[in-house]
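Enquirer: Structure in structure tokens, see below.
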Amino acid sequence: MDERILEFIGDLRRAEVRISPSEALDALAAASEVGLVDRETFKTTLAATLIKEFRDQPTFDRLFDLYFLDLEALGQGLQKALGPADPRVQDMLDRMLAEEGMELDELTELLMRGGGSEMEMAIRASGQNAGLERLMYFLQVGFFSRRLSDRFDWSAVEADLERLLKLLEARGLDPGQLARVRNYLELRLEAFKRMIRQHVERELERRAYRQGEKLTREVLSEKPLFALTADEIAQMKAVVARLARKIKDALALRQRQEQRGRIDTRRTTRKSLQYGGVPMEIFLKRRHREKPKLVTVCDVSDSVRNASRFMLQLVWSLQECFSRVRSYVFVSEIAEVTQAFSTYPVERAIEWALKGAPVDYHCRSDFGYAFSRFSKTELDSLDRKTTILVLGDARNNYNDPQAWALRLIRERVKGIIWLNPEGQWGWGIGDSVMPLYAPACDFVRECRTIAQLGEVVDNLVHHWWRRGR
């Protein structure tokens, strides 16, 4: 069971649930204390030792059911899978074996007297080194079921059963009772073989779930944002949340390392002279880094609304990485939506920013007008610690681009990063004015997928704000 729990912990980690080695040891110790008698107690014990955040609970529940679904059937429940119980036949066989001093094969003993838990453990033991890690498709279930079945010595079992029946017949058991005993033993034998197949099917379901989750995340992360369906948008919210957590975890680790400091070789070497060159005293140098300010400016026209949705979600999930975050949305008119995020839950605030902000969502995009208005009303609030993050396709509908406004903003801030949800092939073609805005930006990146968005934001959090002016 310890191996099974460790496999379960491995899958939780692959699902990006953070579990330390000490927590894994706590789970093993706690599980050994509570045992497997009560499935809910066992589940609650593992959850208490492994899960630290409420958002990880659904992942834990799904994987637990795939790993330990059979625990519901251990004991009396699983006896139903072994055929109807017949105490009279069992007592008759036990008395005869005791009187004859007959020795049986281990598997025969298991079939006659073993409970469901013992049978399940025997099947799992036979599954070790059987190549089940290559089990990926339903068509392989039959092959691996036979492979596990072949690991048992069925010829010894059949020989033992024949000896038992002959002894019973020699003792004068009538044909009706003899048929009843034969049927009882054959039912248990068939039930055991069915349990082998069920074990393989559960292993397939567990692996398929893990691979399916991974495949879904990879496919959605690489799919163009404008092509997402309503159902995929709902799934993407979880992908973005997972991405944000990954970025925060990496940043937290780096910050802890910086707090400890790096070795100051000059001071350490100088101090070691009094010890004959042996560095008895180690000096560390620490750098205090102030968190940056971030201003996001999102185009919320129909063509790029999905991209704005996920950038707002990602940035606000990472807001503790910045000293201040302010957000604006525009189509032609521009409006600040920062207040909505302090008033409403994040999901509701994003929906409000995309549908209820004081802008005309049905007009034609005008980047030039939005930037000119922003420069007139917000310029005094910008400083050298502020980074502007713009998301838009720069399709200006042949309006005046007013590139001077973006250049003026750039003079007041640390830098401007522009993310364009349109492929680079389209920049400068038709009504695209991206080439006019690009010279005022420090970085211009194509951002057609969540993977690209995550890469840019990760770079912003971990590298961009560490740079000097």
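Throughout, read-outs are computed from the coordinates displayed, never taken from laboratory work. Predicted, not measured: the structure shown is a model, and the values here were computed from it. So basically every Cβ, Gly included, is an ideal-geometry build from the backbone, and we count neighbours across all protein chains shown.
Enquirer: About its Cα centre, how strong a charge dipole does region 1-72 have in debye, to the nearest 20, once Lys and Arg get +1 and Asp and Glu get -1 at the Cβ? Mind showing how you got there, number by number?
Expert: Values: 9 positive and 16 negative charges, 55 e Å.
Charge dipole, region 1-72, about its Cα centre: 260 debye, nearest 20.
Enquirer: Continuing with this model, one more query. Which order results if 269, 386 are arranged by neighbouring Cβ count within 10 Å, fewest first? Walk me through the numbers on the way to the answer.
Expert: Values: 269 12, 386 21.
Ordered by Cβ neighbours within 10 Å, fewest first: 269, 386.
Enquirer: Just in region 280-366: which GluC sites (Glu not before Pro) are loop by DSSP and have at most 10 other Cβ atoms within 10 Å? Before the final figure, lay out each step's value.
Expert: Details: sites: 281, 290, 320, 333, 336, 347, 351; in loops: 281, 290, 333.
Of the GluC sites (Glu not before Pro), the ones in loops of region 280-366 whose Cβ has at most 10 other Cβ atoms within 10 Å are 290.
Enquirer: Okay, next question. Kindly identify region 288-385 as rounded, prolate or oblate by the Cα gyration tensor criterion: order the square roots of the eigenvalues as a ≥ b ≥ c, call it rounded if a/c is under 1.5, otherwise compare a/b with b/c, prolate if a/b is larger, else oblate.
Expert: On the way: a/c = 2.03, a/b = 1.25, b/c = 1.63.
Judged from the Cα gyration tensor, region 288-385 comes out oblate (a/c at least 1.5, b/c at or above a/b).
Enquirer: Further, regarding this structure: Would you mind estimating how fast region 293-466 diffuses translationally, via Stokes-Einstein at 25 °C and 0.890 mPa s with the Kirkwood radius over Cα pairs, in µm²/s?
Expert: On the way: Rh = 15.9 Å.
Translational diffusion coefficient: 154 µm²/s.
Enquirer: Treat every Asp and Glu Cβ in region 333-422 as -1 and every Lys and Arg Cβ as +1, leave all other atoms uncharged, and give the resulting dipole magnitude about the Cα centre to the nearest 20 debye. Could you put the intermediate results ahead of the total?
Expert: Values: 12 positive and 13 negative charges, 62 e Å.
Magnitude of the dipole: close to 300 debye.
Enquirer: Across region 37-49, in residue order, what do the Karplus-derived ³J(HN,Hα) couplings come to in whole Hz, using 6.51 cos²θ - 1.76 cosθ + 1.60 with θ = phi - 60° and x for Gly and Pro?
Expert: So the J values, rounded to whole Hz, are 5, 10, 4, 5, 5, 4, 5, 4, 5, 5, 4, 5, 8.
Enquirer: Quote the Stokes-Einstein diffusion coefficient, in whole µm² s⁻¹, for region 2-73, based on the Kirkwood radius over alpha carbon pairs, a temperature of 20 °C and a viscosity of 1.002 mPa s.
Expert: Values: Rh = 12.1 Å.
Value of D from the Cα-based Kirkwood radius: 177 µm²/s.
Enquirer: For region 293-466, give me the percentage of DSSP beta bridges that are antiparallel, rounded to the nearest 5 percent. Don't jump to the answer; show the numbers that get you there.
Expert: Numbers: 4 of 26 bridges.
Taking every DSSP beta bridge with both residues in region 293-466, the antiparallel ones total about 15 percent.
Enquirer: Give the order of 363, 441, 447 when sorted by the count of other beta carbons within 10 angstrom, beginning with the fewest. Before the final figure, lay out each step's value.
Expert: Values: 363 12, 441 17, 447 24.
Taking fewest neighbouring Cβ atoms as first place, the list is 363, 441, 447.
Enquirer: Can you pull out the GluC sites (Glu not before Pro) in region 94-200 that DSSP calls coil and that have at most 13 other Cβ atoms within 10 Å?
Expert: On the way: sites: 99, 100, 103, 106, 109, 118, 120, 133, 158, 162, 169, 186, 190; in loops: 103.
Counting only loop positions with at most 13 other Cβ atoms within 10 Å, the GluC sites (Glu not before Pro) in region 94-200 are 103.
Enquirer: So for region 267-336, taking the charge dipole from beta-carbon charges (+1 Lys/Arg, -1 Asp/Glu), which of 317, 307, 331 sits furthest toward the positive end?
Expert: Most positive-ward Cα: 317.
Enquirer: Which chymotrypsin sites (Phe, Trp or Tyr not before Pro) does region 348-421 hold that lie in a coil by DSSP with at most 12 other beta carbons within 10 Å?
Expert: Here the sparse-neighbourhood loop sites are 398.
Enquirer: Taking the alpha-carbon distance from residue 271 and a cut-off under 26 Å, which lysines remain once sequence neighbours fewer than 8 residues away in the same chain are dropped?
Expert: Straight-line reach from residue 271, under 26 Å: 285.
Enquirer: Starting from the Cα of residue 414, draw a straight line to each of the lysines and keep only those under 25 Å, dropping any in the same chain fewer than 8 residues away.
Expert: 248, 291, 293, 376, 385
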